[in-house]
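Read the figures in this text as sums done on the coordinates, not as results from a lab. Not measured: the values here are computed from a predicted model. Note that each Cβ is placed from the backbone with ideal geometry, even for glycine, and that neighbours are counted across all protein chains shown.
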Amino acid sequence: MADLETFRAETRAWLEKNCPPSQRVPAEEFEDTCWGGTKWKFVNQEQKDWLDVMAERGWTAPEWPSEYGGGGLSREEAKILTQEMARIGARAPLFSMGLSMIGPALLKYGTEEQKRQHIPNIVAGKIWWCQGYSEPNYGSDLAGLQTRAEDKGDHFIINGQKVWTSYANLADWMFCLVRTDPDAAKHAGISLVLFDMNQPGVTVKPIRLISGKSPFCETFLDNVRADKNQLVGEINRGWEIASYLLTHEREMIGNMGQSTAITKGLHEQAVAQVGLDNGVLADTGLRSDITRWTMDDMAFQLTAERIGDETKAGQGTGAASSMLKYAGTENNKRRHELLLGIYGTQALAWEGEAFKGGQMASQWLRTKGNTIEGGTSEIQLNIISKRILGLGEK
Ligand SMILES: Cc1cc2nc3c(=O)[nH]c(=O)nc-3n(C[C@H](O)[C@H](O)[C@H](O)COP(=O)(O)OP(=O)(O)OC[C@H]3O[C@@H](n4cnc5c(N)ncnc54)[C@H](O)[C@@H]3O)c2cc1C
């Protein structure tokens, strides 16, 4: 305990000294949180400095092994770091699919060579990774995927199409599910390979979304090369790794939306809009909705912390990630719907100065995507009923 208190004091002092002022205010725009990679444009020098100092300590990936550039912290120390960052309102220095998806999979299933090549770059935010899982007709039914990889000795040649590939237009590398044995049973002939997006044969076409932005793409793969040393795990055994990676993705998506500036202080925002009556929020319907949501949110935070504490370091949360994903994203949707309740039609402003150019409306619409990406809410409920509650498998 004394060691942890010393760690807390040192961390607090270090953060005070090293976290720049502009990185201590909640992120409002996508660009406010760094995603790293060769195409990333830092919004200011402080964003870059913050990434660099945190990455130097491995604190972009606090619990990853220090031999690959991670922070090497215990779970207790990592929690203290999170608490101390929250105390000063520090933003995450880096957010990426490297940190939350392919990194954990490589640490568990990757070769020593793969870990040495990729993990330090993920920690330092040098490479932007994208996820090549979904295909036209194969989203929920992912194991039906048709993109083929042919064995050419020291490399694979890949042909097919991926869809809904978030940020493929900005990514440097893809982790990609491919079919390596077309004759095997559906789940059995799949492999996970890594390749450089910057090569002939990779064509990326952005898709415009309901929120007005185009963060995801159709990705066409025509004779794309992946070296054999970029096969993760065994050939045709990729489904197990893909599923493990998904548990990390689901956990990450479940936690999204906790720190957006726009939803901070829902009760205070409601008071400012509708006023008080006898010391309580004047609108009784809104009052009970906010109270119910706040209680559900607190229960979610406590459950997430408990599941995290019960999880062996670096092993992921297994099927419980589906609970976190389902509850976290459904709560997040309700959180944004409450804002609509508070501001009424004003919250639907789409552009102009009011409500920062339509952020409230576009973020509300984006929360609907949270309940689809990484597996829809219905798919999470299927997993919870089968794997956690043991229903339906007689
Ligand atoms: C914002 C966003 C980002 C994304 N980013 C990526 C990415 O980077 N990389 C990537 O590979 N993919 C990405 N996706 C794709 C995502 O994983 C798929 O959209 C998702 O898995 C659902 O697949 P689908 O769109 O094909 O819908 P479908 O599978 O066609 O589902 C349609 C509807 O049917 C329901 N349904 C389907 N099967 C069942 C079942 N067995 N039981 C009950 N209901 C069922 C679904 O719940 C859904 O409501 C992203 C999606 C979104 C929205």
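Details
- Of the DSSP H helices in the chain, those that are both long (alpha-carbon extent of 15 Å or more along the helix axis) and hydrophobic (Kyte-Doolittle mean at least -0.5) are 238-255.
- Taking Cβ atoms as reference points and 14 Å as the exclusive limit, the residues near LEU276 contribute a net charge of -2, counting Lys and Arg as +1 and Asp and Glu as -1.
- Ranked for footprinting exposure by Cβ neighbours inside 10 Å, fewest first, ARG24, ARG250, ARG237 give ARG24, ARG237, ARG250.
- Protection proxy ranking, highest mean first, for peptides 286-299, 164-177: 164-177, 286-299, where packing is the per-residue count of other beta-carbon atoms within 10 Å, averaged.
- Distance in nm between pseudo-label sites at ASN223 and ARG287 (7 Å out along the Cβ direction from Cα): 7.1
- Backbone amide hydrogens, once placed in the peptide plane, bring SER166 within less than 5 Å of GLN131, CYS217, excluding anything fewer than 5 places away on its chain.
- Ellipticity estimate at 222 nm from DSSP helix runs (n ≥ 4, -39,500 (n - 2.57)) divided over the chain, nearest 500: -13500 deg cm²/dmol
- Percent of Cα pairs in the chain per distance bin of 20 Å, from zero to the largest separation: 25, 58, 17, 1.
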